[in-house]
Amino acid sequence: MKKILSLFCFLAFITILNAQTQRLVLVEEFTQASCGPCASQNPGFDALLQANPTKVCVIKYHTVWPGVDPMNAQNQSQVATRVTYYGVDGVPMGMYDGKIDSSFANYPGSPGNFTQAIIDNAYAVPSPFTITVNHNLSSDLDSVFATVTVTAAEAVSVGNLKLHVVLVEDPITFSVEPGTNGETTFYNVMREMFPSDQGTAITNTWTSGQSQVFNFAEALPSYIYNLSKLSVVAFIQDNNNKNVKQAAKTAPIPVNVDATVTAVNNLPPFPQCDATPFTASCTFKNFGTTALTSCTLNFQVDNGTIQQVNWTGNLASGATATYNLLPVVPAPGSHTFTVYITNPNGIADYAPANGKKQFSYIILSVFVQVPLVEGFEGATFPPAGWTIVNPDGSYTWSHVTTTGSQGSSSACYILDYLNPTGSLDDLYAKPLDLSTTGYLSYSLTFDVAHAQYATAYTDRLQVQASSNCGSTWSTVYDKVDPALATAPIDTNSYVPSTAAEWRTETVNLSAFVGQSQVLVRFHSISGYSNNLFIDNINITGSTLGIPVVNNNSRISVYPNPSTGLLNIVNAENSGIKVYNILGEEVASVNCAGQSESINLSAFANGTYTIRIVNDNNVFVQKVVLNR
């Protein structure tokens, strides 16, 4: 933090002075990027607030529930303090001057019920204080300085006054929704409270005209998205009754040079089943007021060496550019790809982390043979070779102890008690090689425990498998509440307490015999019901003690794809069986001669497995039925 400002600092100095007894209404909202009702009410609420810039100043606190929200993750503790202070138990929740309006038709504090009349009535109430507030940024943009002057407009004697000073970013805009409710633009987001979320105690007894000056010098948080969108809100609140006496707000200060990464392109898609090199590209935006003519693009894979690419050009204020980074040869496993900008126009960046973006990619190029046994007893989760995919960034597969199906063992679970409806979460097993000579069939067994929250809420669990690296998936197990449940309805956060609450499931994977690259995933679809546990996952093969002939055998099955009639040649003295994608036998015939035909026209379109067995060999081939 820099303690001395240059007299020649180019940053503006902003001052707002309220009329002596005129109130500026403080509007506070508790919201969340994964809250559906927030998304439906915020547009109208924000439009109303933006129509009253001289009457209100606004602070929005992003809470930890109901799902993912990066703005909450960046400052959870201070938001939690305000949540506790007001007793907020659900979002969205709005209030003005510390009051929650209990007369609202839907529920107290509903932002959708705010009206112009409410703002006008609150604005008309005189304030006993005036507040003058100004702020500026240090010349190297690593610190914020604020000065607040409080003046009594009349004699005041009250109970327990606190001055709160809040750094606000307005707006924060994402190119892709950061949560699950569709919102991409968020207004007046609380970023930091100075010097803390407890505020600063001020005197409770004032004479008319008495003033007090408060100075704050604070390091700028590294997670700020856009320095040019920062302002400072100051307000006085009586902790005895939460009444806000007065508020004031500064205007944002333009920043000359500020470049930030907005996207990374061309990362390996998930899943990728080989180690093909890739060259990512970086998209960045000039948030400064002057043209960007140079910068350094930094990128790093996991905790490896930081690599740099120098960019030069002429990027106007508000414009974006995309530039290729250096080639990367990926290794098997899960990886983090980090990109950030330094040296914009040759100036040292005060906090590269404020423009740092992290992305994940996964390479599945090591395929293991059965048996695969996983009881989640290890300390590492997910276990080595296993992968979690959490598209919405909300609650996902987690590790838990003392609740496993074997008594006091470990298990894996999904927190659907809090997971928003429609959340998708995948747990990928180690990639499998099911082409091992001698195995005729494969099966998956696992233990499951689950309770519904209520009959209106239905969770779903599927097991899906793919032999083409996830281009298409076959659902080999599918249960939805109430069939999925193993215990009675539980209106608390469900945890299995006895072995009797677990059920063992068996899944046939025989349709994938002979395939060298098979992915198996547990696919959870949340219905906002209750927690789901799985344990003791086992994938095993069954051998007949005879070798499997590869697909270069003289046996032929055609046409493939087929409209129904399959011809099989060079299969004399063989037993021929047909299996659907669930591993169920749907047809069989014995071939005494050199050739045989099977008619599948009565079956549904899809993929079928033809297994031909004689005294010496087993031949397996997939066929596609497309009538």
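Among the criteria (1) assigned to a strand (DSSP E or B); (2) among the charged types (D, E, K, R); (3) farther than 16 Å from D97 by Cβ, the one K162 does not fulfil is (3).
Among the residues of region 388-405, those that are crowded, with 20+ Cβ neighbours inside 10 Å and of a type in the set (V, I, T) comprise T396, T403.
For region 414-430, give me each residue that is surrounded by 18 or more Cβ atoms within 10 Å (Cβ to Cβ), of a type outside the set (D, E, K, R) and under 17 Å from V520 (Cα atoms). Even if it seems obvious, please write down each step before you answer.
Initially, region 414-430 is screened for residues surrounded by 18 or more Cβ atoms within 10 Å (Cβ to Cβ), giving 414-417, 419-420, 423, 425-430.
Add one more test, that the residue is of a type outside the set (D, E, K, R), and what stays is 414-415, 417, 419-420, 423, 427-429.
Hits for region 414-430 are L427, Y428, A429.
Conditions tested, residue by residue: (1) at pLDDT 95 or above; (2) in a loop (DSSP other than H, G, I, E, B); (3) in contact with a Ser or Thr (Cβ under 8 Å, 6 or more places away or on another chain).
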| residue | (1), (2), (3) |
| --- | --- |
| L461 | yes, no, yes |
| T472 | no, yes, yes |
| V476 | no, no, no |
| Y528 | no, yes, yes |
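In this structure, T180 does satisfy being of a type outside the set (G, A, S), assigned by TED's automatic domain parsing to the domain that holds A219, touching a Gly at 6+ places or on another chain (Cβ under 7 Å) and surrounded by 14 or more Cβ atoms within 10 Å (Cβ to Cβ).
Here is a yes/no grid of residues against (1) of a type outside the set (G, A, S); (2) modelled with pLDDT of 90 or more:
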| position | (1), (2) |
| --- | --- |
| F278 | yes, yes |
| F287 | yes, no |
| L292 | yes, yes |
| C295 | yes, yes |
| G304 | no, yes |
| N310 | yes, yes |
| G313 | no, yes |
| S317 | no, yes |
| S334 | no, no |
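Filter region 39-81 for residues that are among the β-branched types (V, I, T) and either under 29 Å from Q198 (Cβ atoms) or touching a Lys or Arg at 6+ places or on another chain (Cβ under 6 Å) (or both) and give the result. Passing the criteria: V56, V58, I59, T63, V64, V68, V79, T81.
Give region 242-257 a look and list any residue that's in contact with a Lys or Arg (Cβ under 9 Å, 6 or more places away or on another chain) and outside any strand (DSSP E or B), or say none. Let's see the steps before the verdict.
Going residue by residue through region 242-257, those that are in contact with a Lys or Arg (Cβ under 9 Å, 6 or more places away or on another chain) are 242-247, 252.
Within region 242-257, K242, P252 qualify.
Each residue in region 148-159 was checked for being surrounded by fewer than 19 Cβ atoms within 10 Å (Cβ to Cβ), outside any loop (DSSP other than H, G, I, E, B) and among the β-branched types (V, I, T), and 2 of them qualify.
Pairs meeting the criteria (first residue in region 469-495 and closer than 12 Å to Y457 by Cβ, second residue among the basic types (K, R), beta carbons under 7 Å, at least 6 apart or on different chains) are V480/R460; L484/R460. Is it the case that region 31-40 has a residue that's under 19 Å from K249 (Cα atoms), outside the structural domain of G422 (by TED's automatic domain parsing) and of a type outside the set (V, I, T)? No: region 31-40 contains no residue that is under 19 Å from K249 (Cα atoms), outside the structural domain of G422 (by TED's automatic domain parsing) and of a type outside the set (V, I, T). The listed residues are I489, I534, and the only one of them that is more than 19 Å from A454 (Cα to Cα), in the same structural domain as T472 (by TED's automatic domain parsing) and not in a helix (DSSP H, G or I) turns out to be I534. Quick check: is even one residue across region 217-236 in a strand (DSSP E or B), surrounded by fewer than 22 Cβ atoms within 10 Å (Cβ to Cβ), of a type in the set (A, V, I, L, M, F, W, C) and in contact with a strand residue (DSSP E or B) (Cβ under 7 Å, 6 or more places away or on another chain)? Looking for residues that are in a strand (DSSP E or B), surrounded by fewer than 22 Cβ atoms within 10 Å (Cβ to Cβ), of a type in the set (A, V, I, L, M, F, W, C) and in contact with a strand residue (DSSP E or B) (Cβ under 7 Å, 6 or more places away or on another chain), one finds at least one in region 217-236, hence yes. The combined condition, being within 26 Å of P70 (Cβ to Cβ) and not basic (K, R), is fulfilled by V233.
For region 121-140, the criterion of a residue being assigned to a loop (DSSP other than H, G, I, E, B), among the hydroxyl-bearing types (S, T, Y), at pLDDT below 90 and crowded, with 19+ Cβ neighbours inside 10 Å is satisfied by at least one position. Take the residues of region 107-120 that are in contact with an Asp or Glu (Cβ under 9 Å, 6 or more places away or on another chain) and of a type in the set (A, V, I, L, M, F, W, C): which is surrounded by the most Cβ atoms within 10 Å (Cβ to Cβ)? Among residues in region 107-120 that are in contact with an Asp or Glu (Cβ under 9 Å, 6 or more places away or on another chain) and of a type in the set (A, V, I, L, M, F, W, C), the one surrounded by the most Cβ atoms within 10 Å (Cβ to Cβ) is F114.
Annotation note: Cβ proximity below 9 Å between a residue of region 87-107 that is not assigned by TED's automatic domain parsing to the domain that holds C57 and a residue that is modelled with pLDDT of 85 or more and loosely packed, with under 14 Cβ neighbours inside 10 Å (sequence gap 6+ or interchain) occurs for no pair. Restricting attention to region 258-272, the residues that are assigned to a strand (DSSP E or B) and either of a type in the set (S, T, N, Q) or within 21 Å of the chain's Cα centre (by Cα) (or both) total 7. Go over the candidates S405, S409, S394, S435 one by one and state the one that is under 16 Å from L519 (Cβ atoms), assigned to a loop (DSSP other than H, G, I, E, B) and of a type in the set (S, T, N, Q). It is S435. The set of residues in region 363-391 being touching a residue at least 60 places away in the same chain (Cβ under 8 Å), of a type in the set (A, V, I, L, M) and part of a loop (DSSP other than H, G, I, E, B) consists of L364, V366, V370.
The values are calculated or read from the model by the stated rules, or taken from the named source; none is laboratory data. Small disclaimer: the values here were computed from a predicted structure and weren't measured. All Cβ positions, glycine included, derive from the backbone under ideal geometry; neighbour counts span all protein chains shown.
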